[in-house]
Amino acid sequence: MLGIMSDQQLLISSLIEHSGKYHGNTEIIDCNSDGEINRTNYKDTLLRVKKLSQSLLNLDINIGDRVGTLAWSNLRHFELYYGVSGIGAVCHTINPRLFKEQIIFIINDAKDKILFVDIEFLDLIKDISSELKTLETIVILGKKNTLDDEVKINQKVLTYQSLIEGQESLNKWPSFSEKTASSLCYTSGTTGNPKGVMYSHRSTIIHTIAAANPDSFSLSSTDVIMPIAPMFHANAWGIPYIATMIGAKLVLPGRNLDGESIYKLLQKEKVTFTAAVPTIWLALFDYLEKENKELDYLKSCAIGGSACPRFMIESFSEKYGVKVIHAWGMTETSPLGTVNKPLKKHISLTNKQKY
């Protein structure tokens with residue numbers, strides 16, 4: 001005998017649908033490469049995501065097809081997270097910091113059919129387009145409605161705006177097995193060529209629920225969340241999915257991750273939670289010290305990617321009143337593996353004993 005309560009597949013499309021309906025006016029902040037800040041919300045983003053999904057279907061993207069992204073942490077990349085996987089295709093995020101030869105290998109190995117590219121990487125794509133064997137279409141992200149005449153690329157070239165503008169919205173999200181692949185990320189921390197890791201809708205939803213709970217990141221709709229961990233690296237540690245599920249204000253920082261740029265975003269948008277590797281925080285600490293600045297709104301941050309120095313945990317706590325959540329994971333662990341939080345027996349410990 002089977003129970004049929006809540007008998008539906010765990011699909012990523014449910015996250016963006018939920019936030020659009022029940023947290024529609026909550027802001028999403030998009031910081032572009034020039035430092036310009038644009039504001040939208042979950043309601044309008046849901047509509048754009050559905051238009052994107054329909055345009056991908058019109059381009060003959062089917063369940064299981066790989067759609068590549070070469071982009072920073074911005075609104076259009078966020079829309080691709082949902083627009084691609086929402087129709088059963090695989091969102092393949094590519095690290096633009098890899099060597100050119102590695103990027104060529106990754107795109108060919110994944111057999112990407114379409115590649116969405118931030119305008120900053122256009123020269124790279126021009127250089128390697130003839131070596132991309134399965135790629136049929138390249139879509140240029142950004143505000144441009146037309147392409148310059150000098151753009152010479154082997155594949156068909158479109159602009160993101162041309163896909164969205166005038167496009168009918170997807171009428172209904174398709175239903176399929178929750179075990180369907182949703183996203184693909186290649187890890188370069190191995191010998192030889194990068195290795196591809198495939199996420200499923202099920203693993204992503206379960207990871208999202210687990211990461212938001214009190215003994216993990218402890219996040220809710222009252223938070224303002226900024227994932228500094230890049231969206232091309234292990235799904236930004238799952239944070240774009242967490243923010244959407246809980247309906248929290250989301251700040252997408254773009255490419256400028258120097259100490260001053262991070263500080264200004266943290267303060268201006270009143271960010272309460274963020275996540276990054278230790279090198280990012282070293283740059284922030286340096287700026288805070290030089291300019292004698294305080295962190296007025298930040299309550300907690302997750303640090304991972306490498307071991308967090310003791311002085312960093314102490315400085316965040318004692319100088320700036322920020323709780324550090326020391327996390328460990330891998331691309332292969334969906335991506336968080338462990339999250340270190342004090343147990344009940346640790347509450348009475350002094351800071352010196354905790355550290």
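The values are calculated or read from the model by the stated rules, or taken from the named source; none is laboratory data. Not measured: the values here are computed from a predicted model. Cβ atoms come from the backbone with ideal geometry, glycine included; neighbour counts cover every protein chain shown. SASA here: full protein model, heavy atoms, side chains in, ligands and nucleic acids out. Shrake-Rupley method; radii C 1.70, N 1.55, O 1.52, S 1.80 Å.
Annotations for the structure displayed:
- Count - residues of the range 232-276 that are in contact (Cβ under 8 Å) with a residue 40 or more places away in the chain, in contact with a helix residue (DSSP H, G or I) (Cβ under 7 Å, 6 or more places away or on another chain), under 28 Å from Lys290 (Cβ atoms) and among the small types (Gly, Ala, Ser): 1
- Complete set of residues in the range 178-208 that are part of a helix (DSSP H, G or I) and either under 16 Å from the mean Cα position of the chain (by Cα) or surrounded by 16 or more Cβ atoms within 10 Å (Cβ to Cβ) (or both): His201, Arg202, Ser203, Thr204, Ile205, His207, Thr208
- Tally, over the range 14-38, of residues that are touching a residue at least 40 places away in the same chain (Cβ under 8 Å) and of a type in the set (Gly, Ala, Ser): 4
- Residue in the range 29-45 that is nearest to the chain's Cα centre (by Cα), counting only those that are of a type in the set (A, V, I, L, M, F, W, C) and more than 19 Å from Val117 (Cα to Cα): Ile29
- Note on the range 311-339: residues that are loosely packed, with under 13 Cβ neighbours inside 10 Å and under 26 Å from Pro230 (Cβ atoms) total 3.
- Taken over the range 211-223, residues that are open to solvent by 50 Å² or more (accessible area, probe 1.4 Å) and touching a residue at least 24 places away in the same chain (Cβ under 8 Å) amount to 4.
- Counting only residues that are at pLDDT 95 or above, assigned to a helix (DSSP H, G or I) and of a type in the set (Val, Ile, Thr), the range 101-125 holds 4 of them.
- Residue within the range 317-328 that is under 25 Å from Asn38 (Cα atoms) and either in contact (Cβ under 8 Å) with a residue 12 or more places away in the chain or within 19 Å of the chain's Cα centre (by Cα) (or both) present: no
- For the criterion of being more than 16 Å from the chain's Cα centre (by Cα), among the basic types (Lys, Arg) and closer than 14 Å to Leu184 by Cα, Lys51 fails.
- Listed by position, the helices (runs of 4 or more DSSP H) enclosed by the range 1-100 that each have at least 3 residues that are surrounded by fewer than 20 Cβ atoms within 10 Å (Cβ to Cβ) are 13-22, 42-58.
- Of the set (1) without any contact (Cβ under 8 Å) to a residue 60 or more places away in the chain; (2) within 18 Å of Met198 (Cα to Cα); (3) more than 17 Å from the chain's Cα centre (by Cα), all apply to Val67 but (3).
- Residues that are open to solvent by 40 Å² or more (accessible area, probe 1.4 Å) and either in contact (Cβ under 8 Å) with a residue 40 or more places away in the chain or on the phi > 0 side of the Ramachandran plot (or both), drawn from the range 277-298: Val277, Asn292, Tyr297
- Residue check for Leu11: touching a His at 6+ places or on another chain (Cβ under 6 Å) and in contact (Cβ under 8 Å) with a residue 40 or more places away in the chain: yes
- Residue within the range 116-127 that is within 21 Å of Val197 (Cβ to Cβ) and not hydroxyl-bearing (Ser, Thr, Tyr) present: yes
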